[in-house]
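The values are calculated or read from the model by the stated rules, or taken from the named source; none is laboratory data. The structure presented is a predicted model; accordingly, all values stated were derived computationally and were not measured. Note that we place each Cβ from the backbone using ideal geometry, even for glycine, and neighbour counts take in every protein chain shown.
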Amino acid sequence: MKTYLPQIERRILVRPNQTFGILNYDMDNAYPQRMLELVAQSPTAKDCWNKRAKFIAGNGFEEQTLGKQVINSKGLTMAKLLKAIATDKALFSGFGIHVNYNANFKISSVNYVKFEDIRMGDTDSPETAGKFALYSDWGRKTWKNIMRNKITFLDSYNPDEQIIKEQVITAGGWKNYKGQLYYFNPEVDDYPLIEADSVWEDFETEAGIKIFNNREVTTGFLPSTMLFMQSRREEADNSTDIGSGINTPSQLEKDLGTFQGAKSAQKIIVIEYEDESAKPEFQPYAIQNNDKLFESTERSVEARIIKGFSVPKELINAEKASGLSNGSEKKEAIREFNDNTSPDRMELAEVLEELFSHYCSNINPTNNWKIIPVPANVADDVIGVKAGAAINQLLQSSVPTESKIATLMYAYGFKQAEAEAMCTP
């Protein structure tokens, strides 16, 4: 008997790109750009990303004055830097920080670099090995081709004075020196996958459902229908123009087009015909009930995306929880998510402590770089208390039992059996 392991395709392929002196981030060198577009199209994925970023950045630094410290000539503050790198880490698991030095070999400026703009240098080329390439349009969204002269190469972060001195000499002096890049990457000599890479197909699915719903609205939920009509000489202008290749719509097609859509749902169209043989015939054809299918698909897709980002579902779908327990459930979810993101906050604090230990001035005399977790009291039980008081008032009122049960089910999220038990004397 022969045994074998099924071949599982790698999520990304890293290949040397000799044209630009980099290692491609997947075959098209645009993995981060593709993931950003998919997340932007998926409401659940975007919400999960925002939640992770918020919890990683927490409530800022414990040292209150630290967040206001300006760290470059453009006015970047420590608070803004923390928020920016936390946002990148929440999705890409990594981030980039550019530093430059003064003649005393101390860091004189710190800048945030978008993670999606960073590519590792080709390790097989002595000119780019150990360097990082920065370019703002690897996905060719603005320009059709990548311009080699627009790519900036930076040395890897190393605060050793001798290393910096050699880099400055190689660059042709301080005026030509571009500094170094601190590249936080959980992988070793490889690119990281996004946080929820295992479910990125679901981002695309949710975006497709959104497009389908939009199409249904813009066509006025018009059922699928075929129109049969006899061809007429006066409609011949609908034939393809050989020169332009463009179809010119007939007047009937124009009328039908304006008849569709949410804003035209109650219009009436009048079609004239000369004899019975020229009468247009609208014939609907049966299709699968998409409403229920899409509803169940949307729920399962949403659940997988939330799971892929490792975000407690109470923080995404808190409004679906029972009114009585919503506050306590959210509190527990916040504590859980704070624990899950604690290593991320610790890593950011350690990186910032390392970088600013070489800064030209002491911006944090207490050397306290800890980040405050999101406080659980944002989900105070006041919500549950208010809901409980309202429910007690409802139960003690003279409202018919059927109305009480309906209110408990639809206004407060109780199941029917629970609502009936509460209304039973």
Considering the range 109-134 alone, what residues qualify as being over 29 Å from residue 77 (Cβ atoms) and in a loop (DSSP other than H, G, I, E, B)?
122, 123, 124, 125, 126, 127, 128, 129, 130
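Test residue 377 against the stated conditions and say whether it is modelled with pLDDT under 75 and under 30 Å from residue 88 (Cβ atoms). Give the steps one after another, and end with the answer.
On the way: modelled with pLDDT under 75: yes; under 30 Å from residue 88 (Cβ atoms): yes.
It is true that residue 377 is modelled with pLDDT under 75 and under 30 Å from residue 88 (Cβ atoms).
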Just one of the numbered conditions (1) touching a residue at least 40 places away in the same chain (Cβ under 8 Å); (2) farther than 27 Å from residue 340 by Cβ; (3) charged (D, E, K, R) is not true of residue 116; which one?
(2)
The residue from 155, 137 that alone is charged (D, E, K, R), outside any loop (DSSP other than H, G, I, E, B) and free of Cβ contacts under 8 Å to residues at least 60 places away in the same chain is 155
I'd like the full set of residues that are free of Cβ contacts under 8 Å to residues at least 12 places away in the same chain and aliphatic (A, V, I, L, M), limited to the range 60-86.
70
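State which residue is modelled with the lowest pLDDT when the search covers only the range 307-322 and only residues that are assigned to a loop (DSSP other than H, G, I, E, B) and under 13 Å from residue 44 (Cα atoms).
Start the filter on the range 307-322 by keeping residues that are assigned to a loop (DSSP other than H, G, I, E, B), which leaves 309-312, 317, 321-322.
Then drop every residue that is not under 13 Å from residue 44 (Cα atoms), which leaves 309-312, 317.
Working: 309: 93, 310: 91, 311: 93, 312: 93, 317: 67.
Residue satisfying both the conditions and the ranking: 317.
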Per the list (1) surrounded by 14 or more Cβ atoms within 10 Å (Cβ to Cβ); (2) at pLDDT below 85; (3) part of a loop (DSSP other than H, G, I, E, B), residue check on residue 286 breaks on (1)
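For the range 63-70, check the following and say yes or no: at least one residue is part of a strand (DSSP E or B) and either modelled with pLDDT under 95 or among the hydroxyl-bearing types (Ser, Thr, Tyr) (or both).
Initial filter on the range 63-70 (part of a strand (DSSP E or B)): 70.
From the residues that got through so far, the ones that are either modelled with pLDDT under 95 or among the hydroxyl-bearing types (Ser, Thr, Tyr) (or both) too are none.
Checked against the condition, which is being part of a strand (DSSP E or B) and either modelled with pLDDT under 95 or among the hydroxyl-bearing types (Ser, Thr, Tyr) (or both), the range 63-70 yields no hits at all.
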Name the single residue that is nearest to residue 53 (Cα to Cα) among those in the range 155-202 being surrounded by fewer than 18 Cβ atoms within 10 Å (Cβ to Cβ) and among the acidic types (Asp, Glu).
197
Can you find a residue that is touching a residue at least 60 places away in the same chain (Cβ under 8 Å) and more than 19 Å from the chain's Cα centre (by Cα) anywhere in the range 192-211?
no
Would you check if residue 125 is among the small types (Gly, Ala, Ser), in contact with a Cys (Cβ under 6 Å, 6 or more places away or on another chain) and over 30 Å from residue 52 (Cα atoms)?
no
